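Read the structure below first, then the notes.
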Amino acid sequence: MNNHILFFKTFSKRSAICFFVICFLFLISILRIAKIVSNDLTTAQTYQNRLNLSVGKQRGTIFDCNNIPLTNKSKKIIAAVSPTPRAITAISHILEGDELEAVLSALKHEKPVLCEVPEFIDCDGIVCTEVYEHSEQDNVTHIIGYTDNDLNGMSGIEYAYNDILTIKDEICFLYECDGKGKLLEGLEPTVINSSAAASNGVITTLDINIQSITETVSENIEKGAIIVADAKSGKIRACVSRPTFNTDQISEILNSEEAPLLNRAINAYNVGSVFKPCVAIAGIESNLDNYCYTCTGKTEIIDRFFKCHMLSGHGFMNLRTAIANSCNTYFYNYAIKIGSGKIHSTATNLRFGKPLKLCDGIYTSSGNLPSEVSLRNDAYLANFSIGQGELLLSPVSMLTLYCAIASDGSYSVPSIVEGTVKNGGFEKYESSSPTRVMNKETAAMLRDYLKSVLSEGTGESARPKTVSAAGKTATAQTGKYVNGVEICQGWFCGFFPAENPEYVIIVFSEDTSKQKLSCSEVFSFLADKINFIK
């Protein structure tokens, strides 16, 4: 009996303790819920007691290699005008016409209004802040790209680095209001405008001065592209595609026959004789630099005749004079002498037929490099030796060949970005290591031979007035006809100064009948302009 009583007392005591613990925990839970509800109500009340005037989004900046902004180049001043007599009087002295009428009409609703003003206004009831204008309509470069109305990148670097360039925080003015939503008198709004647009972005390899000159000179070509690159590093200092476009007219030009949105600098085309130095590299490295041939204007290969552009013939040719005069029959026979394997290997080493990565997310067209097996046919090889047939390359891709010749036999894959900046930290873009294509002696020999193109050959009109230069001309057949006339594509690929090259320039015209100056003349003009600002 005593045991039962003891058990009952112990059980009752423990039950009471558990009851009080449960009540305590329940009370704590109620208090926590009350606190959360209170915080939510406070937040909601704070939100309801504030008026947010949003100016809009901002976007990170794209810079040139000297940290000069290529986007966000200019600012505008946005004023938040309160519906007070003093503010209304002040803004009436600043704005006029339709702009003033629109502001005054909006102020009648007793709410503050945003408007653009020409200068900062020092007046009670008016608060101003500066806002970057991200893009401008003039001199749009395809490689930089453009954004949509919501500042999302749609092409070029704007698209490839959209995550870096996107800034989530909007610029806005925050007004304190009473419980009825009326502005509290005597309190100026809080301006939310971070510095992220100026401190976050992409640093390119472009040089704003060279880019601007190139854009101006490119107006002599209706359709085509011009690229200027550092001879040793392959870093692109200017990149222009023609025709250009206006970002306000994207929807109108999407189906245009001129295809202005197409970046012709990275698209692939027939290349013609600017490919001949690739054959020359293979020949010299095969100890065939002393090969000679007499051009009569045509040569028979297998069962057909292949013609030279000089129908009467060039006469006796060696490698130097064949390059200077762009003798086709010399290169037909020279290529057969060298063999398809060595020439194809050299082209492959130059990354022809492969896409080139210019930066994260931007690649050139791979173009087309015929297979080595197909080139074992002498007729195909002959056509290939002068850059015709199935060979297709982009203007940027041609940089690998001419940078290698200009910089003692090695080239670096062309690049367009130095790195990115995020929250003050710089992250360098990792470019590839240099690739050697030929020995230094071969490169020096070809620099001399290409110099003779301008001094005594087909490229005399490419000779600059202020600096020595070297390069190669080309007129590539396309097999496409308009009104019975074949469309031909023009090229000039060269570098300057000839003795110690600093810059490589690629000039391409999609239709030689639609240009004010030849590609050679454009090169000459551009080289002089760049040399002047160095």
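Return the residue satisfying two criteria in turn: it lies in the stretch 45-74 and is under 26 Å from residue 111 (Cβ atoms) and among the charged types (D, E, K, R), and of such residues it is modelled with the highest pLDDT. Looking at residues that are under 26 Å from residue 111 (Cβ atoms) and among the charged types (D, E, K, R), I get 57.
Candidates are the residues of the stretch 150-178 that are of a type in the set (Val, Ile, Thr) and crowded, with 19+ Cβ neighbours inside 10 Å; the one that is nearest to residue 416 (Cα to Cα) is 157.
In the set (1) open to solvent by 10 Å² or more (accessible area, probe 1.4 Å); (2) part of a strand (DSSP E or B), the condition left unmet by residue 181 is number (2). All of 502, 460, 430, 441 fail the test of being at pLDDT 95 or above, within 24 Å of the chain's Cα centre (by Cα) and charged (D, E, K, R), apart from 502. Here the stretch 453-484 is the region considered, the condition is being of a type in the set (Lys, Arg), touching a residue at least 24 places away in the same chain (Cβ under 8 Å) and open to solvent by 80 Å² or more (accessible area, probe 1.4 Å), and the residue that is farthest from residue 277 (Cα to Cα) is 465. Once the stretch 373-426 is narrowed to residues that are in contact with a strand residue (DSSP E or B) (Cβ under 8 Å, 6 or more places away or on another chain) and of a type in the set (Phe, Trp, Tyr), the residue that is most open to solvent (accessible area, probe 1.4 Å) is 426. Once the stretch 87-112 is narrowed to residues that are within 44 Å of the chain's Cα centre (by Cα) and touching a residue at least 60 places away in the same chain (Cβ under 8 Å), the residue that is nearest to residue 195 (Cα to Cα) is 112.
If you check 503, 449, which single one turns out to be aromatic (Phe, Trp, Tyr), within 14 Å of residue 403 (Cα to Cα) and open to solvent by less than 80 Å² (accessible area, probe 1.4 Å)? Walk me through how you get there before you give the answer.
Values: 449 fails: within 14 Å of residue 403 (Cα to Cα).
The unique qualifying residue is 503.
The values are calculated or read from the model by the stated rules, or taken from the named source; none is laboratory data. Just so we're clear, the structure is a prediction, and the values are computed from it rather than from any experiment. FYI the Cβ positions are ideal-geometry reconstructions off the backbone, even for glycines, and counts take in every protein chain you see. Heads up: the accessible areas ignore ligands, DNA and RNA and are worked out on the full protein's heavy atoms, side chains in. Shrake-Rupley method; radii C 1.70, N 1.55, O 1.52, S 1.80 Å.
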